[in-house]
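The values are calculated or read from the model by the stated rules, or taken from the named source; none is laboratory data. If you're wondering where the values come from, they're calculated on a predicted model, not measured in any experiment. Cβ coordinates were reconstructed from backbone atoms using ideal geometry, including for glycine residues, and neighbour counts include every protein chain displayed.
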Amino acid sequence: MKIIMEKITKIFIVLLLMIVAQSCHDELSKVTNVNAPTIAALSTEIGLAQYAKGGVYYNGFGGNSGTGPAYYPTLDDGLGEGMLLIVNGLHDALGDLIFVPWGNNSFKFADNPTQITLDDNSVNHMPVGVSQPYELKLRNDRAYGAGNIMLIEWTYMYFLNNACNEVLAYVDKPAYTGSADAKKATLKAWSYFWKGYAYSRIGNMYVAGLIIDTPGVSNGNYVTNTVIITEANKNFDLAITTLNSITDASSYADMMGNLIPGQSQSGTGGVPSIAQFIGNVNTLKARTALASLRVKNMVAADWNNILTLANTGIQNGDPVFIMKTTQDINKSYIDPQFGWSAAYASGSGGTYYISERLMQDFNVNDERFLSNIDTLGSPVVNLRGRGLGFGTRWNLEDAGGTWWRANNTTAAAPYVNVSGFGVDNIYMAGSYEENQLMIAEAKINTGDIPGGLALIDGVRAYQHANLPALNSATINTVPLAMEEIRKERRIALLFRGLAFYDARRMGITDDVSLGGGRANAVVLSADPNTGNTIVNTHAFINYNYLPYFDVPQNELDFNVEIGSTPVKTTILQ
């Protein structure tokens, strides 16, 4: 980021100041440079508020406007752009909720297991390379352009961080209406929250990172991901402290109403109260802690920390940070051309595909399955010859699925809906379900298995799964209860970009030599004589995925390391 940060920062200051207070539909999707604003606009309340909004929703999550050039052209490899599409798609692919068999952004290497053993004990190796770690490390080079998938999340998160740094640098300059102290504190809390979010994602995805608090500049002081996680929590705590200092709730609400796009203030979105915003911060703190640890290494103090944070996290009915679909194009407002990961997995397939391993985790008669999943016209097996991991019989249906449409003519589908204006809740940060499942997991691991199972039941009821209650008389050990957690997190948090964190911390994506892999997996193969599809139900998948990405070489080429922190992983299998 060092060479291009300052130039891009100036470009985005101009771009984001074009965002004016329009109707909900036009608020982020139709931007016009009416007044030819300059950086001086950041010294006005409305200008800084609009920049703070755009700095998050455009810099941190945006893609292509649908009518103009890409925001980050170096990241567009033909699939499009955007955190909600490419990065969330990557995390859910690495967690084997979906698969992406295409070469764009090197997906066909990123989510390709090293080895799959079928029911007949035949062993099938990754056909397009040596292993995922080898292939991704090979492509961590500027010569691969957008094919370097290690570059994408790094880029979004550091530009998000930079936008927040800009807000913090200018927050004392405008003359504010109402309570200046409350509005400045709101802008600061907003910036600290999203800085914490950015550092959390960097620390939980990369082996090392940079701490940058000055806008438009970088440094070569790489630190370990553990230090980056500490920095994330520092910013989360600053957000909480700043929110607690606000005494004028009306001025706070006025500013927050300007920071959150109008269309994102419906559904599970909205303007959170001060207490509800703090709840959102605590949920992210709990997520950050949980994602950074291995379950097998966690002790009582770790689980009690998760309990403390999540118990003060997002409550039922609290507004959370989301995007919504457009009125005329059923994709994300921020990215109407390319949308989000669920939209790319819907219909008859073609870009993202629903994994067989996700389907086998659903319980019989789960209405989330009946309402949202349908069968493809014909199965795909070893799609484009790129491996047995790239096969499925399933797809996500628009408008809630054929069962839901046949039985509910007016109500919105209860789970994932990818059709219809304003129906989708596209989660950018935490959610009520995620918070409840973190409490459930912590309870299970601190001796309260019945209490944890009851919370899983509560999440299922919240999403209208219509399933019977889990039986604590038979699910009476931590391993059995954790299996319910594993399955429910995959289903309830689908398309929220959390699946890789879970698979890694549970050891599933580790190499088999380290105890990793998934047994009794459903994998499709083809009969060599007839070509008919074989449904293997006891396959073993050795994923052997990198636990953390290296620092992108694009960064290292221009921002040479000056310390001794490793910037690349040592795993190469």
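Hey, can you tell me all the residues within region 519-560 that are assigned to a helix (DSSP H, G or I) and among the aliphatic types (A, V, I, L, M)?
Answer for region 519-560, where residues must be assigned to a helix (DSSP H, G or I) and among the aliphatic types (A, V, I, L, M): just L556.
So, in region 351-378, how many residues would count as being in contact with a helix residue (DSSP H, G or I) (Cβ under 8 Å, 6 or more places away or on another chain), of a type in the set (A, V, I, L, M) and either part of a helix (DSSP H, G or I) or touching a residue at least 60 places away in the same chain (Cβ under 8 Å) (or both)?
Qualifying residue count for the region: 3.
So which residues in region 459-481 are under 22 Å from the mean Cα position of the chain (by Cα) and farther than 20 Å from I354 by Cα?
Across region 459-481, the qualifying residues are V459, R460, Y462.
Condition first: among the polar types (S, T, N, Q) and under 19 Å from D92 (Cβ atoms). Now tell me which residues in region 342-381 satisfy that.
If the condition is that a residue be among the polar types (S, T, N, Q) and under 19 Å from D92 (Cβ atoms), then S346, T351, S355, Q360, N372 are the ones that fit.
Anything in region 245-279 that is assigned to a helix (DSSP H, G or I) and touching a Phe, Trp or Tyr at 6+ places or on another chain (Cβ under 7 Å)? List them, or say none.
Those that are assigned to a helix (DSSP H, G or I) and touching a Phe, Trp or Tyr at 6+ places or on another chain (Cβ under 7 Å): L259, Q263, I274.
What number of residues within region 130-168 are of a type in the set (G, A, S) and surrounded by fewer than 20 Cβ atoms within 10 Å (Cβ to Cβ)?
Of the residues in region 130-168, 3 are of a type in the set (G, A, S) and surrounded by fewer than 20 Cβ atoms within 10 Å (Cβ to Cβ).
Can you find a residue in region 293-300 that is in a loop (DSSP other than H, G, I, E, B) and of a type in the set (V, I, T)?
yes
Considering region 26-66 alone, what residues qualify as being surrounded by fewer than 20 Cβ atoms within 10 Å (Cβ to Cβ), among the β-branched types (V, I, T) and modelled with pLDDT of 50 or more?
T38, I39, T44, I46 - these are the residues of region 26-66 that are surrounded by fewer than 20 Cβ atoms within 10 Å (Cβ to Cβ), among the β-branched types (V, I, T) and modelled with pLDDT of 50 or more.
If I ask for residues that are surrounded by fewer than 24 Cβ atoms within 10 Å (Cβ to Cβ) and modelled with pLDDT under 75, which ones from region 339-373 would you list?
G347, S348, G349, G350
If the Cβ limit is 7 Å and pairs must be 6+ apart or interchain, which residue in region 258-283 that is farther than 25 Å from M438 by Cβ pairs with which residue that is hydroxyl-bearing (S, T, Y) and part of a helix (DSSP H, G or I)?
These pairs meet every condition: P261/Y57.
Out of everything in region 193-216 that is more than 19 Å from the chain's Cα centre (by Cα) and closer than 22 Å to L42 by Cα, what residue ends up being surrounded by the most Cβ atoms within 10 Å (Cβ to Cβ)?
Checked region 193-216; the qualifying residue surrounded by the most Cβ atoms within 10 Å (Cβ to Cβ) is I212.
Which of (1) in contact (Cβ under 8 Å) with a residue 40 or more places away in the chain; (2) surrounded by fewer than 16 Cβ atoms within 10 Å (Cβ to Cβ) does V299 not meet, given it meets every other one?
Tallying (1) in contact (Cβ under 8 Å) with a residue 40 or more places away in the chain; (2) surrounded by fewer than 16 Cβ atoms within 10 Å (Cβ to Cβ), V299 fails exactly one: (1).
List pairs: first residue in region 455-482 and free of Cβ contacts under 8 Å to residues at least 12 places away in the same chain, second residue outside any helix (DSSP H, G or I) anywhere in the structure, Cβ distance under 8 angstrom, at least six positions apart or on different chains.
L480/T474
Residue under question is P101, and the condition is that it be more than 14 Å from Y545 (Cβ to Cβ) and assigned to a loop (DSSP other than H, G, I, E, B); does it hold?
Criteria met by P101.
Take region 140-173 and flag every residue that is part of a loop (DSSP other than H, G, I, E, B) and under 17 Å from K53 (Cβ atoms).
Within region 140-173, just V171 meets the criteria.
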